[in-house]
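*Asks:* First the structure, then my questions, so here it is.
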């Protein structure tokens, strides 16, 4: 199948259409599994005849994406032990095809595409060797997603045949209602299979998975009410899905008492994953040092900023919907005007709308202490601050309206490989725009930028320590809460508990916001020295965006010509 113009919705519906072909291919490609093969450099000897055609890489990419998805059995993705063993045995065959492609004389962007495909293959290798979400993580079996992520694909591991209800138009057409009925109908069988698949010992993954599954039950029930009457088949499928989800949550909860193992992947595995999948050239230990440095810097900078602003009135929160809407739309106006006047980047017509579509609506606090979620505590005090993080929506709009010429970069990378680029740029843009002068007329808003950075660094340390098997999830939550200023991230709140659970399921993501920011700052500095008088922020930002949403190390390679050093 072609991935050039395939939406995520189309991809999930069709991902198992050729399961019979995949099964035959797997049988032909059985081979001894060798981890060392996954870190060969381009052109390394594999005994195969070298191929130097970029079209061969694109064809392999399409075959690979089809292979990576599990076969469907009566519409249900097969994550059974037998099916996963077969996939693992067949994986080296795809790597051999990749290594047989000689890229030495290719243009640099095409060589980088080769590296991106290899990183995805390394991701599946890691899943089979270490993470095994289908066996270790009950939350992996959540299928329903009601809102769009601000990154190119879902955050964290996601089961094939996922359902993005936000991609449909409402009220549902007859065809969409029939399609959704068929898709929701597989949930009971999937969750029954999951009881056999799930054997992992990680206590935190099991304990936290209960909440994720129960949340799906609530969302299914609410969705059933929302679309009630669209079709009898859909009403029935949703009702059965609610029952099955509740029963599965009860079963997972009943198993927690027997799970006393560790949930992290371990420091060495984390380092391998960073370097070979997310293409981040650091180790677990180095990442921890860098996150600590940013945490200390953010908190110290905040205190200095507060001292400078000590005679100014504190920022107050929006008190009603009128203040909220006016403040956030004014934030878009001010931000877009700043980007234009200060020549930060080339603007597109779609950018303003991309921000306005994500402003949300006013909601009163739900907690007795008056707090909302952490990001609302920030956003309700200045409608422009979180617009800087809205660079995410520029990325997604650009992918839609100006898709990259490379078919490999045009579709979101698997395994959240894009996280350092996507989250790093959005997080980095907050501080960059502050330094560029976006909040010079509102000094108290500069304090919010430092609070945001402190929170990202604190939760990153929590994610690292969980995967290093040094802390439990609760210890990570308490640390992040303690080191986030002003008490805006309570340890009993949904925000930090959900974030640290997410980082436990997806190694590397917790640090991506800050690590990506650091890598981008390095690249900006290098590019300025390289270009000399020809450098400008606008030129840098435009070049950076044009490369695509790929790991920063690959962006750096393409812009500067400096290949990343190999560390294994």
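*Asks:* From 407, 403, grab the single residue that is in contact with a helix residue (DSSP H, G or I) (Cβ under 6 Å, 6 or more places away or on another chain), surrounded by fewer than 19 Cβ atoms within 10 Å (Cβ to Cβ) and part of a loop (DSSP other than H, G, I, E, B). Let's see the steps before the verdict.
*Replies:* Numbers: 403 fails: in contact with a helix residue (DSSP H, G or I) (Cβ under 6 Å, 6 or more places away or on another chain).
Of 407, 403, the one residue that is in contact with a helix residue (DSSP H, G or I) (Cβ under 6 Å, 6 or more places away or on another chain), surrounded by fewer than 19 Cβ atoms within 10 Å (Cβ to Cβ) and part of a loop (DSSP other than H, G, I, E, B) is 407.
*Asks:* Considering only the range 432-443, I want to know if a residue exists there that is within 19 Å of residue 291 (Cα to Cα) and either in a helix (DSSP H, G or I) or modelled with pLDDT of 95 or more (or both). Don't jump to the end; show me each part of the working.
*Replies:* Filtering the range 432-443 down to residues within 19 Å of residue 291 (Cα to Cα) leaves 432.
If we keep only those that are either in a helix (DSSP H, G or I) or modelled with pLDDT of 95 or more (or both) as well, we get 432.
Within the range 432-443 (the criterion being within 19 Å of residue 291 (Cα to Cα) and either in a helix (DSSP H, G or I) or modelled with pLDDT of 95 or more (or both)), the answer is yes, since at least one residue qualifies.
*Asks:* Exactly one of these conditions fails for residue 224: (1) surrounded by fewer than 20 Cβ atoms within 10 Å (Cβ to Cβ); (2) touching a residue at least 24 places away in the same chain (Cβ under 8 Å). Give me its number.
*Replies:* Here residue 224 meets the rest and fails (2).
*Asks:* Do the conditions hold for residue 554, that is, is it modelled with pLDDT of 95 or more, over 19 Å from residue 108 (Cα atoms), part of a helix (DSSP H, G or I) and in contact with a helix residue (DSSP H, G or I) (Cβ under 7 Å, 6 or more places away or on another chain)? Steps first, answer last, please.
*Replies:* Working: modelled with pLDDT of 95 or more: yes; over 19 Å from residue 108 (Cα atoms): no; part of a helix (DSSP H, G or I): yes; in contact with a helix residue (DSSP H, G or I) (Cβ under 7 Å, 6 or more places away or on another chain): yes.
No; evaluated as a whole, the condition is false for this residue.
*Asks:* Among 436, 454, 413, which is the only one that is in the same structural domain as residue 511 (by TED's automatic domain parsing), out of contact with any helix residue (DSSP H, G or I) (no Cβ under 7 Å at 6 or more places or on another chain) and in contact (Cβ under 8 Å) with a residue 12 or more places away in the chain? If you could, list the steps in order and put the result at the bottom.
*Replies:* Numbers: 454 fails: out of contact with any helix residue (DSSP H, G or I) (no Cβ under 7 Å at 6 or more places or on another chain); 413 fails: out of contact with any helix residue (DSSP H, G or I) (no Cβ under 7 Å at 6 or more places or on another chain).
The match here is 436.
*Asks:* Could you say which residue among 174, 179, 192 is touching a helix residue (DSSP H, G or I) at 6+ places or on another chain (Cβ under 9 Å), over 20 Å from residue 134 (Cβ atoms) and at pLDDT 95 or above? Don't jump to the end; show me each part of the working.
*Replies:* Details: 174 fails: touching a helix residue (DSSP H, G or I) at 6+ places or on another chain (Cβ under 9 Å); 192 fails: over 20 Å from residue 134 (Cβ atoms).
From the options 174, 179, 192, the qualifying one is 179.
*Asks:* I would also like to ask the following. Does residue 250 fit the bill of being under 30 Å from residue 420 (Cβ atoms), in a helix (DSSP H, G or I) and not assigned by TED's automatic domain parsing to the domain that holds residue 417? If you could, list the steps in order and put the result at the bottom.
*Replies:* Working: under 30 Å from residue 420 (Cβ atoms): no; in a helix (DSSP H, G or I): yes; not assigned by TED's automatic domain parsing to the domain that holds residue 417: yes.
When the stated conditions are applied, residue 250 does not pass them.
*Asks:* Consider the range 227-242. How many of its residues are touching a residue at least 24 places away in the same chain (Cβ under 8 Å) and surrounded by fewer than 16 Cβ atoms within 10 Å (Cβ to Cβ)?
*Replies:* Taking the range 227-242 first, the residues touching a residue at least 24 places away in the same chain (Cβ under 8 Å) are 227, 230-231, 233-234, 236-238, 240-242.
Subsequent filtering for residues that are surrounded by fewer than 16 Cβ atoms within 10 Å (Cβ to Cβ) retains 233, 236, 240.
Within the range 227-242, residues that are touching a residue at least 24 places away in the same chain (Cβ under 8 Å) and surrounded by fewer than 16 Cβ atoms within 10 Å (Cβ to Cβ) number 3.
*Asks:* Sticking with this one: Applying the selection to the range 195-210, what residues are over 14 Å from residue 132 (Cα atoms) and crowded, with 17+ Cβ neighbours inside 10 Å?
*Replies:* If the condition is that a residue be over 14 Å from residue 132 (Cα atoms) and crowded, with 17+ Cβ neighbours inside 10 Å, then 203, 204, 207, 208, 209, 210 are the ones that fit.
*Asks:* Scan the range 420-430 and tell me whether some residue there is in the same structural domain as residue 487 (by TED's automatic domain parsing), in a helix (DSSP H, G or I) and free of Cβ contacts under 8 Å to residues at least 40 places away in the same chain. Can you show your working first?
*Replies:* Of all residues in the range 420-430, those in the same structural domain as residue 487 (by TED's automatic domain parsing) come to 420-430.
Adding the requirement that they be in a helix (DSSP H, G or I) leaves 420-430.
Those still in the list that are free of Cβ contacts under 8 Å to residues at least 40 places away in the same chain too: none.
No, the range 420-430 has no match at all.
*Asks:* Additional query: All but one of (1) touching a helix residue (DSSP H, G or I) at 6+ places or on another chain (Cβ under 7 Å); (2) within 30 Å of residue 189 (Cβ to Cβ) hold for residue 110; state the number of the condition that does not hold.
*Replies:* So the condition that residue 110 fails would be (2).
*Asks:* Go through the range 194-207 and count every residue that is outside any helix (DSSP H, G or I) and over 24 Å from the mean Cα position of the chain (by Cα). Spell out the reasoning first.
*Replies:* Of the residues in the range 194-207, the ones outside any helix (DSSP H, G or I) are 198-202.
Now restrict to residues that are over 24 Å from the mean Cα position of the chain (by Cα): 199, 201.
Total satisfying the criteria: 2.
*Asks:* For the subset of the range 172-193 comprising residues that are in contact (Cβ under 8 Å) with a residue 60 or more places away in the chain and assigned to a helix (DSSP H, G or I), which member is farthest from residue 262 (Cα to Cα)?
*Replies:* So, considering only residues that are in contact (Cβ under 8 Å) with a residue 60 or more places away in the chain and assigned to a helix (DSSP H, G or I), the one farthest from residue 262 (Cα to Cα) is 179.
*Asks:* While we're here: Report whether or not residue 215 is surrounded by fewer than 17 Cβ atoms within 10 Å (Cβ to Cβ) and either over 17 Å from the mean Cα position of the chain (by Cα) or not in a loop (DSSP other than H, G, I, E, B) (or both).
*Replies:* Values: surrounded by fewer than 17 Cβ atoms within 10 Å (Cβ to Cβ): no; either over 17 Å from the mean Cα position of the chain (by Cα) or not in a loop (DSSP other than H, G, I, E, B) (or both): yes.
Against the criterion (surrounded by fewer than 17 Cβ atoms within 10 Å (Cβ to Cβ) and either over 17 Å from the mean Cα position of the chain (by Cα) or not in a loop (DSSP other than H, G, I, E, B) (or both)), residue 215 does not qualify.
*Asks:* Could you please find all residues in the range 73-91 being closer than 29 Å to residue 406 by Cβ and under 26 Å from the mean Cα position of the chain (by Cα)? Steps first, please.
*Replies:* Of the range 73-91, the ones closer than 29 Å to residue 406 by Cβ are 77, 87-88, 90-91.
Across the range 73-91, the qualifying residues are 77, 87, 88, 91.
*Asks:* On to the next question. Residue by residue through the range 557-568, note down the ones that are at pLDDT below 95 and either part of a helix (DSSP H, G or I) or in contact with a helix residue (DSSP H, G or I) (Cβ under 9 Å, 6 or more places away or on another chain) (or both). Working first, answer last.
*Replies:* The first filter runs over the range 557-568 and keeps only residues at pLDDT below 95, leaving 562-568.
Passing the criteria: 562, 563, 564, 566, 567, 568.
Per-residue answers, yes or no, for (1) in the same structural domain as residue 443 (by TED's automatic domain parsing); (2) touching a helix residue (DSSP H, G or I) at 6+ places or on another chain (Cβ under 9 Å); (3) surrounded by 12 or more Cβ atoms within 10 Å (Cβ to Cβ); (4) under 20 Å from residue 438 (Cα atoms):
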{"position": "287", "(1), (2), (3), (4)": "yes, yes, yes, no"}
{"position": "291", "(1), (2), (3), (4)": "yes, yes, yes, no"}
{"position": "294", "(1), (2), (3), (4)": "yes, yes, yes, no"}
{"position": "299", "(1), (2), (3), (4)": "yes, yes, yes, no"}
{"position": "315", "(1), (2), (3), (4)": "yes, yes, yes, yes"}
{"position": "320", "(1), (2), (3), (4)": "yes, no, no, no"}
{"position": "328", "(1), (2), (3), (4)": "yes, yes, yes, yes"}
{"position": "337", "(1), (2), (3), (4)": "yes, no, no, yes"}
{"position": "346", "(1), (2), (3), (4)": "yes, yes, yes, yes"}
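*Asks:* Let me ask you something else. State which residue is surrounded by the fewest Cβ atoms within 10 Å (Cβ to Cβ) when the search covers only the range 371-394 and only residues that are within 18 Å of the chain's Cα centre (by Cα) and within 25 Å of residue 477 (Cα to Cα).
*Replies:* Going residue by residue through the range 371-394, those that are within 18 Å of the chain's Cα centre (by Cα) are 375, 389-394.
Retained after the next criterion (residues that are within 25 Å of residue 477 (Cα to Cα)): 375, 389.
Working: 375: 17, 389: 22.
For the range 371-394, the residue satisfying everything is 375.
The values are calculated or read from the model by the stated rules, or taken from the named source; none is laboratory data. Because the structure is a prediction, the values reported are computed rather than measured. Note that we place each Cβ from the backbone using ideal geometry, even for glycine, and neighbour counts take in every protein chain shown.
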